[in-house]
Amino acid sequence: MDADLLHKAATQAKTRWLEKSLTLLLPQIWQLTIETPHWEAMASAWASQIDQLFQAQKLTTPGQQKNRRTDIANALRVIHPQHPAIPFVLLPTEVYIALNHAQAKQLNDRTNKFFSAQQANELVDRAIALLDRHNPDDVAAGLSVLVGRRISEILVSRFQPKTAFSLWFSEPAKRRGARGLTFEIPTLAEADRVLRAIEHLKQVWNIGDLQALGLPPNHLKRKINARYTSVPRACRQHFADLVPGREANNDPGERLYTHLFRAVYAEIATYYYKPEWIPDHRFKAEIQGHFKLTADGQKISNYAARQNYDDYLIRDRLPDQSGVKLGLPGVTVLDVFQQERTSMSDGDREPEFEQATNPTYLGKGTINALLYRAVDRLLFSKQWPEALAGLLMMTGRTVAGLLSASPAPKTQFSIRVGDLEIPTLTTATQVIAAWNKFRQMPPPPLPAVEEDIQTICQQTFNDLAPIQGVSDLRAVYSAISLHWFCPDEIEPGLFLQAIDAAEPHLFQTENPDRGIKLAQRNVQVLERFKPRETIPSTAAVLPIKDTLSEPPLSRLRHRRKTLVVDADLLRTVAAAFGIEIRGKGGTVGLSYEAALAQLLNHLAEHHQDYNPPTTQSPSKQPGSALAIAVTDQAKTLAWFTGRIEALEQEVETLKKERADLMAQVGQPPLFELEQLQQENQRLKLERDQATTKLEAFRRLLNGNEDPPEQGQSEQAAPIEAVTHLPITSPDKPQPEASSAESIRVRKRQAENQVLDNIRQAVRAMMALNDQDGRALNDKWYISFPAIQTLLRAHGMSANQKLVAQVFEEMKAELEHHHDRHGMGSRHNRRHPDLTKIVQQINLKPLLNAALADS
């Protein structure tokens with residue numbers, strides 16, 4: 001047994017008594033695996049000792065035990081990520097769900113608490129008096145009020161003099177390799193007196209032994225807070241009669257915590273020192289260090305934690321009023337706000353901080369990279385904060401909403417949450433699976449969530465975008481959702497309100513277009529914004545004016561690029577009816593869309609002027625036939641053109657991927673690209689045939705050919721059905737049914753071959769991991785990116801839907817394989833260059849076999 005590893009496992013505990021207990025208990029199950037005889041009985045007996053330990057500590061309810069059970073599970077994961085005793089330690093899933101609901105309700109039900117200006121002044125006076133006490137608990141309680149920092153922050157951070165009533169506060173980095181923050185904070189007493197008390201406390205309470213452990217900063221702070229639990233008791237002793245504390249269910253009355261004084265300190269500091277041109281929330285965010293730190297070191301205020309620290313208010317203070325102590329000797333405005341005052345062109349105007357900050361523009365590549373990392377690294381993580389971060393970006397929900405709501409499938413890229421339909425930034429199937437898995441995981445305390453999310457965002461997205469917390473993840477979701485799913489005719493604010501999403505704030509997409517994904521066949525408009533059908537099913541036998549007149553706007557603009565026709569052709573036909581079309585940059589005439597609508601109305605009126613015999617169908621009229629023909633061919637051509645444009649764009653994307661991969665591994669062209677090129681050529685040919693027919697109708701309208709005889713007729717059909725009419729060519733017969741069936745057979749055969757290729761690629765990666773003597777760092781977690789990279793580098797199709805199908809059918813086998821090798825979903829972070837898998841696995845024999853079979 002590794003003594004250092006045992007110490008690391010035991011230090012996962014946040015309390016001293018649990019750390020000592022784990023040091024004694026963990027060796028009992030150190031070698032326990034599922035291969036051990038009677039392992040379940042051994043794990044159950046060990047968990048019974050944990051239950052007895054909780055009883056001895058008087059932790060009798062699930063709410064009291066929840067966090068400590070999470071500590072024990074984390075300790076077991078240090079021994080092995082899938083230690084078999086973990087399920088025996090954690091609470092049942094339904095218990096965690098009930099606790100999450102109660103915790104979310106408690107956060108939502110929190111109300112403001114008020115104290116008077118007189119109480120605030122007396123509180124400060126008491127805190128100053130405590131600085132001279134010999135008891136370090138009293139000194140720490142006084143400092144928590146005067147500088148608004150927890151005992152852990154006071155002991156690990158640096159404080160340096162700035163002005164008579166402010167200090168420089170240097171906070172350590174939240175992760176290795178990052179920069180810490182240094183900013184100016186006001187003190188509620190003379191800064192030199194506060195500084196002397198801090199230095200004295202650091203000498204009395206030496207934390208060198210804890211710092212020598214090399215713990216992460218957040219873990220180190222928890223250890224310090226757990227060591228000095230007497231500080232909250234001193235706070236209650238000296239201040240409970242002046243400030244109401246937060247409610248606590250496991251305490252007979254209200255009590256005060258040291259971290260509570262972040263809120264009390266911020267409110268009193270605002271009352272004393274806030275300049276009139278700065279809003280209250282802006283001042284509090286600055287002095288509490290709620291920043292988003294961009295890659296170039298710029299600070300952007302982060303207001304996501306306001307609900308935790310903005311619930312204590314001085315009833316005598318007016319919102320946004322100027323500080324009552326500004327102008328007194330030695331009291332000055334903080335430097336950061338003096339600089340803003342100097343840069344303002346209008347001295348009477350309050351600066352809008354959000355507007356003064358440059359927005360972050362998300363390009364297509366950045367969006368794809370953000371979503372790829374969110375899905376690959378976070379969404380299915382077994383760590384609760386990471387899974388939360390992934391769901392926040394994919395769904396844009398609140399933390400409380402993710403804890404309490406249950407998702408249901410709606411479409412391929414939308415889910416239903418209660419009465420709302422919510423678009424998802426990855427497939428709805430993935431989101432629902434991840435959400436259900438997340439709700440079964442034991443969560444950490446909610447007050448620590450924001451800090452954990454900030455760390456995760458910095459580690460995952462820092463090189464892509466300044467995403468620093470929960471509010472940023474929700475804002476990025478809103479920006480991408482507008483770009484992908486919002487119909488062009490819907491106002492962005494209405495769309496976000498309909499899906500209950502946050503404002504994008506400082507995040508925007510480089511491409512300002514909205515609803516770009518709605519042109520894809522697998523993406524649908526949200527139910528709320530779909531056009532309502534107003535034409536009855538019997539529209540085919542109505543006169544054409546009833547079908548064409550006054551078309552709803554939503555039907556004309558159901559999606560972007562709904563109708564694409566040749567501009568010269570439209571001008572020629574419109575001129576024949578005296579309709580003027582506005583040119584590029586012009587101001588006179590109609591737009592192309594309006595001109596087309598008016599042209600169709602003219603054709604319908606031409607039909608109305610003709611009164612056929614009652615025995616004849618209204619469709620037996622030249623004007624009717626021309627209208628139907630023009631509509632048929634225009635919309636057919638529009639569909640072909642749009643489809644070709646989409647295929648051409650996909651071809652260009654695949655060409656770029658092929659070039660990148662060939663530059664690295666020198667492999668042959670992609671099989672999938674060749675299929676798309678063939679389909680592209682086929683559609684171009686059919687588009688040309690449709691254009692030829694449309695040109696014939698153009699000449700007909702201009703009088704260059706004789707119109708159809710009265711005896712000729714075409715069956716009238718409503719506009720909705722036009723796009724479903726078959727495409728015919730005058731010199732080419734329709735393909736036989738057997739030909740269409742053979743195409744479908746070939747398509748099924750090609751799809752089956754792709755599935756076989758994916759299965760064999762998975763088998764090849766499993767065989768690689770199973771090689772004798774292969775180190776853990778040289779093994780590969782079988783993921784979407786790894787399989788797709790391997791297949792595409794060998795010129796094979798790597799359709800994500802088919803890969804997902806194979807992963808689902810091999811789910812149990814893959815889980816067993818990963819567990820046997822001790823690999824989690826984040827394992828491939830050890831392989832920053834995924835193309836190295838191509839150097840280790842050769843699929844050329846598989847490729848040759850596929851070509852031979854075809």
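Annotations for the structure displayed:
- Checked against the criterion of being closer than 18 Å to Glu527 by Cα and modelled with pLDDT of 90 or more, the candidates Leu425, Leu494 yield just one match: Leu425.
- Subset of region 7-27 (residues that are in contact (Cβ under 8 Å) with a residue 40 or more places away in the chain and among the hydrophobic types (A, V, I, L, M, F, W, C)): Ala9, Ala10, Ala13, Trp17, Leu18, Leu22, Leu26
- When Phe88 is tested against (1) without any contact (Cβ under 8 Å) to a residue 40 or more places away in the chain; (2) surrounded by 14 or more Cβ atoms within 10 Å (Cβ to Cβ); (3) not charged (D, E, K, R), just one condition goes unmet, and that condition is (1).
- Qualifying residue in region 65-88 (condition: over 30 Å from the mean Cα position of the chain (by Cα), at pLDDT 90 or above and small (Gly, Ala, Ser)): yes
- Per-region count, region 316-349, residues open to solvent by less than 80 Å² (accessible area, probe 1.4 Å) and at pLDDT below 50: 2
- Segments classed as strands (runs of 3 or more DSSP E), wholly inside region 375-484, with at least 1 members that are under 20 Å from Pro504 (Cβ atoms): 414-417, 420-423
- Scope region 408-467; condition out of contact with any Ser or Thr (no Cβ under 8 Å at 6 or more places or on another chain) and either in the same structural domain as Lys14 (by the TED database) or among the acidic types (Asp, Glu) (or both); matching residues: Asp419, Glu450, Glu451, Asp452, Asp463
- Residues that are of a type in the set (D, E, K, R) and not in a helix (DSSP H, G or I), drawn from region 762-804: Asp770, Asp772, Arg774, Lys779
Residue-by-condition table, conditions (1) among the hydrophobic types (A, V, I, L, M, F, W, C); (2) open to solvent by 10 Å² or more (accessible area, probe 1.4 Å); (3) more than 12 Å from the chain's Cα centre (by Cα):
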{"site": "Leu379", "(1), (2), (3)": "yes, no, no"}
{"site": "Leu391", "(1), (2), (3)": "yes, no, no"}
{"site": "Thr398", "(1), (2), (3)": "no, yes, no"}
{"site": "Ser406", "(1), (2), (3)": "no, yes, yes"}
{"site": "Pro409", "(1), (2), (3)": "no, yes, yes"}
{"site": "Ala428", "(1), (2), (3)": "yes, no, yes"}
{"site": "Ala434", "(1), (2), (3)": "yes, no, yes"}
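- Every test in (1) touching a Leu at 6+ places or on another chain (Cβ under 7 Å); (2) open to solvent by 20 Å² or more (accessible area, probe 1.4 Å); (3) not in a helix (DSSP H, G or I) is passed by Pro531 save one, and that test is (1).
- Residue check, Thr36 under 30 Å from His817 (Cβ atoms), among the β-branched types (Val, Ile, Thr) and not in a helix (DSSP H, G or I): yes
- Test: residue in region 759-780 that is aromatic (Phe, Trp, Tyr), closer than 22 Å to Thr427 by Cβ and at pLDDT 85 or above: no
- Number of positions in region 359-376 that are open to solvent by less than 20 Å² (accessible area, probe 1.4 Å) and touching an Asp or Glu at 6+ places or on another chain (Cβ under 8 Å): 2
- Among the residues making up region 42-85, those that are open to solvent by 30 Å² or more (accessible area, probe 1.4 Å) and of a type in the set (Lys, Arg) are Lys58, Arg68, Arg77.
- Any hit, region 485-501, residues being open to solvent by 40 Å² or more (accessible area, probe 1.4 Å) and within 21 Å of His101 (Cα to Cα): yes
- Failed item in (1) closer than 30 Å to Lys274 by Cβ; (2) open to solvent by less than 30 Å² (accessible area, probe 1.4 Å), with Ile224 passing the rest: (1)
- Complete set of residues in region 54-102 that are among the basic types (Lys, Arg) and either outside the structural domain of Lys14 (by the TED database) or not in a helix (DSSP H, G or I) (or both): Lys58
- Looking only at residues of region 824-854 that are touching a Pro at 6+ places or on another chain (Cβ under 8 Å) and outside any helix (DSSP H, G or I), we find that the one that is modelled with the highest pLDDT is Gly824.
- Boolean, Arg759 is over 22 Å from Leu371 (Cα atoms) and assigned to a helix (DSSP H, G or I): yes
The values are calculated or read from the model by the stated rules, or taken from the named source; none is laboratory data. Just so you know, these numbers come straight off a predicted model, no measurement behind them. Neighbour counts run over all protein chains shown; Cβ positions are idealised from the backbone, glycine included. Calculation scope for accessible area: heavy atoms of the full protein, side chains included, ligands and nucleic acids excluded. Shrake-Rupley method; radii C 1.70, N 1.55, O 1.52, S 1.80 Å.
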